[in-house]
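Let me begin by presenting the structure, written as structure tokens, before commenting on it.
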Amino acid sequence: QVQLVESGGGLVQAGGSLRVSCAASGSISSINTMGWYRQAPGKQREFVARITSGGFTNHADSVKGRFTISRDNAKNTVYLQMNSLKPEDTAVYYCHAVTYSLHNYWGQGTRVTVSS
């Protein structure tokens, strides 16, 4: 089992920056990929970014150049640095982990609100 706890959400003005974190616990060694998804009001959950245990990353086109995912394996934590935030980035951001055995785990979500 893997537990994921997000933190760092909040309210920020358009153009500002915010960093959200996700701390993993439990069967840490079983985790391959960690990432972030988001769900805006009235919309489906969508992929934001992911990072593998080897450090390979990819980001959704909508956030490329503005958001950066990183991972601190020593702290079992993944980060999402969000710069140049836009009102359309407003959403609940969910941490996601996939194990080597392809089990999926989700955090409870952290809300990010970008005011115009």
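A few comments on the model shown:
- The label-point distance for Lys64 and Lys86, in a model that sets each label 7 Å from Cα toward Cβ, rounds to 1.4 nm.
- Modelled FRET efficiency - R0 30 Å, Asp72 with Ser101, Cβ distances, 0.05 increments: 0.80
- Three-way shape call for the chain based on the alpha-carbon gyration tensor, with the a/c threshold at 1.5: prolate
- Each Lys or Arg adds one and each Asp or Glu subtracts one; over the other residues with Cβ under 12 Å from the Cβ of Phe56, this totals +2.
- Among the chymotrypsin sites (Phe, Trp or Tyr not before Pro) within region 41-95, those in coil by DSSP and having at most 14 neighbouring Cβ atoms inside 10 Å are Phe56.
- Relative contact order for the chain, counting Cα pairs under 8 Å that sit 6 or more residues apart, in percent: 36
- Surface analysis of the chain yields an accessible area of 52 Å² per residue, using protein heavy atoms and a 1.4 Å probe.
- Region 54-116, relative contact order [Cα under 8 Å, separation at least 6], %: 25
- Heavy-atom accessible surface of the chain: percent carbon and sulfur, 1.4 Å: 49
- Of all aspartates and glutamates in the structure, the ones whose alpha carbon falls short of 18 Å from that of Lys86, not counting any fewer than 8 places away in one chain, are Glu46, Asp61.
- The trypsin sites (Lys or Arg not before Pro) found in region 24-70 that occupy coil by DSSP, while having at most 14 further C-beta atoms within 10 Å, are Lys43, Lys64.
The values are calculated or read from the model by the stated rules, or taken from the named source; none is laboratory data. Worth saying up front: this structure is predicted, and the values here are computed from it rather than measured. Here the Cβ is made from the backbone with ideal geometry for all residues, glycine too, and neighbour counts use every protein chain on show. Heavy atoms of the whole protein, side chains included, go into the accessibility calculation; ligands, DNA and RNA do not. Shrake-Rupley method; radii C 1.70, N 1.55, O 1.52, S 1.80 Å.
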